[in-house]
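The values are calculated or read from the model by the stated rules, or taken from the named source; none is laboratory data. Worth saying up front: this structure is predicted, and the values here are computed from it rather than measured. Cβ placement follows ideal geometry from the backbone for every residue including glycine, while neighbour counts extend to all protein chains displayed. What goes into the accessible areas is simple: the full protein's heavy atoms, side chains included, and nothing from ligands, DNA or RNA. Shrake-Rupley method; radii C 1.70, N 1.55, O 1.52, S 1.80 Å.
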Amino acid sequence: MRLSRYFLPILKENPKEAEIVSHRLMLRAGMIRQQSQGIYSWLPLGKRVLDKVNAIIREEQNRAGAIELSMPTLQSAELWQESGRYDAYGKEMLRIKDRQDRPMLYGPTNEEMVTDIFRSSVKSYKDLPLNLYHIQLKFRDEIRPRFGTMRSREFMMKDAYSFDLTREGAEHSYNKMFAAYLRTFDRLGLRAIPMRADTGPIGGNLSHEFIILADTGESEVFCHKDFVGFDIPGENTDFDSVEGLKAIFDKWTSLYAATSEMHDEAAFNAVPEAERLSARGIEVGHIFYFGTKYSEPMGAKVQGPDGKEHFVHMGSYGIGPTRLVPAIIEASHDDNGIIWPASVAPFDVVVINMKAGDEACDDTCELIYAALKKAGKDVLYDDTDDRAGTKFATADLIGVPVQIIAGPRTVANGEVEVKDRKTGARETMTIEAAINRFVA
Ligand code: 5CA
């Protein structure tokens, strides 16, 4: 992508409305734009990051055996009247009438809809277990939308829903998502700690929130320090192994970890003082087991091996991609801007032409740009005629992990500078060596 033809509306000044660093940097780097309170457009740079986050979420959901579909944002009120949540959900639900005066709503979550899909076609235990997910916009008319896309009214959610014949089966489905979540957040460069959590309007009595420790987090959390160093389940994790996944769940729930709603002061005080961590955190995922809470009122049942009908045991599993992007920034930035983990960086590398219009600089940059694109890399080429200082500031602000800098002096020797955004380390090398770093 040539920067001269891209859409990257950088802000020079710090936006006044932004209270936390991620919100400030997302606005300054031209990633998002507020359209009305708590409702955002994702501009091209932000969209690239969001897509990469979603690709990782999708890979790990698929690895754990979940199956992707797509459900609509608008839902009929009738479904919610069946479960009893239409009235219970209150003012957070955006209620709409269509032209025939039928009550509709912008979905805040999809338990009812997915239960309806399930009951219309699954009739036998032989079709279980089943886990269906989608990545879709949601709307919750939050009292206090704030911090940009961290707590917005319209936001994206990956929501998965599992169906099992028995409670034991449902626990295995829960453990699959538990392990998949540990892997997902790790691949996003984050350390998320599962903590016992309140179930709120979703219901049930087994639930974990996945929390990232950050001073700007909205939740107050309490946990054992050792979680920070626990091993993450590997790529070869066998998601069909009931014992294997139970062992992962048991290990990751063996020490104290709870959000403030579930906090037990006495149990926390039993942890040796030097190992207690009392901090603030960002909830990036939340998983629930709620048994037959929706399947009973909505009549979602299957025939069991005993020939009788059984209401299915369900769970639901949410991740917030549009919250994860600012959470990653909270965890990874410096005074100059964002530092993306390579896995979600909007571009793998930025080629900076320090003197656009200079034949040697132009030729060198074009050569590198073409070679890296050919190697399948996402490359941003700063071919604008901005001052070098402005180019460096932009490259640092948008946080691309590697910068290849071509100026008249280095290019005259057949060389360029390669800068690591995170460490700031610069290295001068031949053009060929710079290319090979990515191609090899
Ligand atoms: N149906 C269940 C799980 S699929 C559910 O709705 N769970 S939730 O309410 O906990 O939301 C799941 C995830 O969505 C949260 O962990 C959070 O990451 C994200 N999320 C929730 N509300 C917002 C919001 N207002 N803005 C941004 N992300 C949000």
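Some notes on this structure:
- Residue ID - surrounded by the most Cβ atoms within 10 Å (Cβ to Cβ), chosen from residues in the range 18-59 that are out of contact with any helix residue (DSSP H, G or I) (no Cβ under 8 Å at 6 or more places or on another chain) and assigned to a loop (DSSP other than H, G, I, E, B): Gly38
- Subset of the range 136-181 that is open to solvent by 10 Å² or more (accessible area, probe 1.4 Å) and of a type in the set (Val, Ile, Thr) - its residue that is farthest from the ligand (Cβ to nearest atom): Thr166
- Scan of the range 209-225 for residues that are within 13 Å of the ligand (Cβ to nearest atom) and acidic (Asp, Glu), ordered by number: Glu209, Glu218
- Members of the range 69-95 that are over 25 Å from Asn131 (Cα atoms), within 16 Å of the ligand (Cβ to nearest atom) and surrounded by 13 or more Cβ atoms within 10 Å (Cβ to Cβ): Glu92, Met93, Leu94
The rows are residues; the columns are (1) away from the ligand (no atom under 15 Å from the Cβ); (2) more than 14 Å from Met26 (Cβ to Cβ).
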residue: Gly304; (1), (2): yes, yes
residue: Lys308; (1), (2): yes, yes
residue: Gly318; (1), (2): no, yes
residue: Arg323; (1), (2): no, no
residue: Ala327; (1), (2): no, no
residue: Glu330; (1), (2): no, no
residue: Asp334; (1), (2): yes, yes
residue: Pro341; (1), (2): yes, yes
residue: Val344; (1), (2): yes, no
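- Hey, Gly217 surrounded by fewer than 19 Cβ atoms within 10 Å (Cβ to Cβ) and in the same structural domain as Ala266 (by TED's automatic domain parsing) or not: no
- Selection over the range 369-391 of residues that are under 28 Å from the mean Cα position of the chain (by Cα) and surrounded by 18 or more Cβ atoms within 10 Å (Cβ to Cβ) gives a count of 4.
- The sole residue among Glu275, Glu220 that is over 24 Å from Pro129 (Cβ atoms), modelled with pLDDT under 95 and in contact with a helix residue (DSSP H, G or I) (Cβ under 7 Å, 6 or more places away or on another chain) is Glu220.
- In summary, Arg24 fulfils each of the numbered conditions (1) in contact (Cβ under 8 Å) with a residue 12 or more places away in the chain; (2) within 22 Å of the chain's Cα centre (by Cα); (3) within 23 Å of Phe347 (Cβ to Cβ) with the single exception of condition (1).
- The test for being surrounded by fewer than 20 Cβ atoms within 10 Å (Cβ to Cβ), under 22 Å from Tyr317 (Cβ atoms) and acidic (Asp, Glu) does not hold for Asp98.
- Among the residues making up the range 218-256, those that are over 24 Å from Glu60 (Cα atoms) and touching a residue at least 40 places away in the same chain (Cβ under 8 Å) are Glu218, Ser219, Glu220, Val221, Phe222, Cys223, His224, Lys225, Asp226.
- Thr199 satisfies every condition listed in (1) within 30 Å of Val21 (Cβ to Cβ); (2) within 16 Å of the ligand (Cβ to nearest atom); (3) touching a strand residue (DSSP E or B) at 6+ places or on another chain (Cβ under 6 Å); (4) open to solvent by 20 Å² or more (accessible area, probe 1.4 Å) except (1).
- Selection status of Ser36, away from the ligand (no atom under 16 Å from the Cβ) and under 21 Å from Pro108 (Cα atoms): no
- So Gly407, is it at positive phi and either in contact (Cβ under 8 Å) with a residue 24 or more places away in the chain or crowded, with 18+ Cβ neighbours inside 10 Å (or both): no
- Selection count where residues are within 19 Å of the chain's Cα centre (by Cα) and free of Cβ contacts under 8 Å to residues at least 40 places away in the same chain, scope the range 60-91: 1
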